[in-house]
Amino acid sequence: MTIQTPVEANERVYPTPKVPAIAICLDGCEPAYLDAAIADGLMPTLKRMRETGTDRLAHSVIPSFTNPNNLSIATGRPPSVHGICGNFLFDPDTGEEVMMNDVRFLRAPTVFKQFYDAGAKVAIVTAKDKLRALLGAGLSFDDDRAKCFSAEKSDTTTTAEHGQDKASAWLGMPQPEVYSADLSEFVFAAGVRLLRDWKPDVMYLTTTDYVQHKYAPDDDEAKSFYAMFDKYLAELDGMGAAIVVTADHGMKPKHLADGSPAVVYVQDLMDEWLGKDAARVILPITDPYVVHHGALGSFATAYLPDGADHADIIAMLKATDGMMAVVDKAEAMKRFELPGDRIGDVVMISTENMTIGTSAHRHDLAALKEPLRSHGGLTEQEVPFIVNRVIDLPSAPTLRNFDAFFYATTAAAL
């Protein structure tokens, strides 16, 4: 190990690992996926980890989307601290809707930066490139102590920008298609190679939920994905690392009996109640990969016009079929630990099998080839939290997915 003392990050003290500490974020891993694959004998490694290590359920942050949860895992703190509260936000100062994947939106240092600054070797491999800059914020690649690259752009990585030149050639795997299970397999294969040959002190592997958006837990394609993961997990575990397996969010079916998406189009409702475009509904699930979900998830926020009766709008939204929770900004900040300047006047969460849209004509759903599966709400908050060693862990809701590195380093320090 290259570090000798505990590391502090965002008012949490992380133990000094004696062996590599690894957190794996299985994007969209509804706990039922693991249960189904284990029941079919397809995940012997994870089954053993559950039996001989520590097996719990944890809660993700809300909204249960990719960016907020990955950055919570990366910082060990909720969005109210690190500032990333969606994949997408509305900037009231400029009137623009922008992707929240720029480092300028990050308000707290990552655990990776703090370990790197303490002298550790840090490796981060992400499926999609949209997360790479945020996860690698504050790292330097000029001393061979940091690597941070994505499977999506693995053909063009450089030592100067990513710590690894031409990652796909280095790994001996072609750059995967972004809409594929191969994107996640690249992440796992890279993690194995890094652990074996480069020996990081801290490593984060985070995947894509392409498979989970398309396939339910009992589908053969989903089971095949988890069987593939288990083989790589066996290699990581066999090299003696302390490993936490968790997820950024779960995944639920969000469609009607005929297979069409189940949607409450809230911008259309607001236009009816307040006048066309008087209010602005923002869907923080929006990202460049809408083939997955058509920008339909179970969390939304709305900016109301001056003079609007907030209580009246909230009451009407609460009375709308498919809504599970509708709260004002103050309650959303308190209940969901969100940054108040990056959410609207109203936050709404739909029920387990419902999503929230803007206006019907603004959603291009032609790319959805299967019945919609999505996430974002409270019903996708429960995620697995499995450690390959015996440690003392609480359960959900006290245990959060963003405790992953605290408990990975705790296990690695034993």
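Among the residues of region 241-282, those identified as more than 20 Å from residue 23 (Cβ to Cβ), within 22 Å of the chain's Cα centre (by Cα) and not in a loop (DSSP other than H, G, I, E, B) are 252, 253, 282. Remark: pairs (first residue in region 60-85, closer than 11 Å to residue 249 by Cβ and of a type outside the set (Gly, Ala, Ser); second residue in a helix (DSSP H, G or I) and open to solvent by 10 Å² or more (accessible area, probe 1.4 Å); Cβ separation under 6 Å; 6+ apart in sequence or on different chains) = 62/336. Restricting attention to region 330-352, the residues that are in contact with an Asp or Glu (Cβ under 9 Å, 6 or more places away or on another chain), in a loop (DSSP other than H, G, I, E, B) and either aliphatic (A, V, I, L, M) or on the phi > 0 side of the Ramachandran plot (or both) total 0.
Conditions (1) at pLDDT 95 or above; (2) in contact with a helix residue (DSSP H, G or I) (Cβ under 7 Å, 6 or more places away or on another chain); (3) part of a helix (DSSP H, G or I), marked per residue:
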{"site": "179", "(1), (2), (3)": "no, yes, no"}
{"site": "188", "(1), (2), (3)": "yes, yes, yes"}
{"site": "191", "(1), (2), (3)": "yes, yes, yes"}
{"site": "194", "(1), (2), (3)": "yes, no, yes"}
{"site": "199", "(1), (2), (3)": "yes, no, no"}
{"site": "205", "(1), (2), (3)": "yes, yes, no"}
{"site": "208", "(1), (2), (3)": "yes, yes, no"}
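Among the residues making up region 90-112, those that are at pLDDT below 95, open to solvent by 10 Å² or more (accessible area, probe 1.4 Å) and outside any helix (DSSP H, G or I) are 90, 91, 92, 93, 94, 95, 96, 97, 98, 99, 101, 102. Within region 29-79, restricting attention to residues that are assigned to a helix (DSSP H, G or I) and charged (D, E, K, R), the residue that is most open to solvent (accessible area, probe 1.4 Å) is 51.
Residue 1 - would you say it is modelled with pLDDT under 95 and not small (Gly, Ala, Ser)?
Yes: the conditions hold for residue 1.
Within region 86-113, residues that are over 17 Å from residue 358 (Cβ atoms) and of a type in the set (Val, Ile, Thr) sit with their Cβ atoms under 9 Å from residues that are open to solvent by 30 Å² or more (accessible area, probe 1.4 Å) and not in a loop (DSSP other than H, G, I, E, B), at 6+ positions apart or across chains, in these pairs: 103/133; 111/12; 111/406. Taken together, the criteria place residue 232 among residues that are at pLDDT 95 or above and within 30 Å of residue 139 (Cα to Cα).
Quickly run through region 388-412 and pick out the residues that are open to solvent by 30 Å² or more (accessible area, probe 1.4 Å) and either in contact (Cβ under 8 Å) with a residue 40 or more places away in the chain or among the charged types (D, E, K, R) (or both). So that I can check it myself, show each step before the final result.
So the first thing to find is which residues in region 388-412 are open to solvent by 30 Å² or more (accessible area, probe 1.4 Å), and the list is 389-390, 392, 394-398, 400, 406-407, 410.
Hits for region 388-412 are 389, 390, 392, 394, 395, 396, 397, 400, 406, 407, 410.
Among the residues of region 362-380, those identified as assigned to a helix (DSSP H, G or I), of a type outside the set (Val, Ile, Thr) and at pLDDT 80 or above are 378, 380.
The residues in region 159-194 that are among the polar types (S, T, N, Q), open to solvent by 50 Å² or more (accessible area, probe 1.4 Å) and over 23 Å from the mean Cα position of the chain (by Cα) can be counted, and the count is 1.
The values are calculated or read from the model by the stated rules, or taken from the named source; none is laboratory data. Fair warning: this is a prediction, and the values are worked out from it, not measured in the lab. A quick note on method: Cβ atoms are made from the backbone with ideal geometry, for glycine too, and the neighbour counts reach across all protein chains shown. Keep in mind that these areas ignore ligands, DNA and RNA; they rest on the heavy atoms of the full protein, side chains included. Shrake-Rupley method; radii C 1.70, N 1.55, O 1.52, S 1.80 Å.
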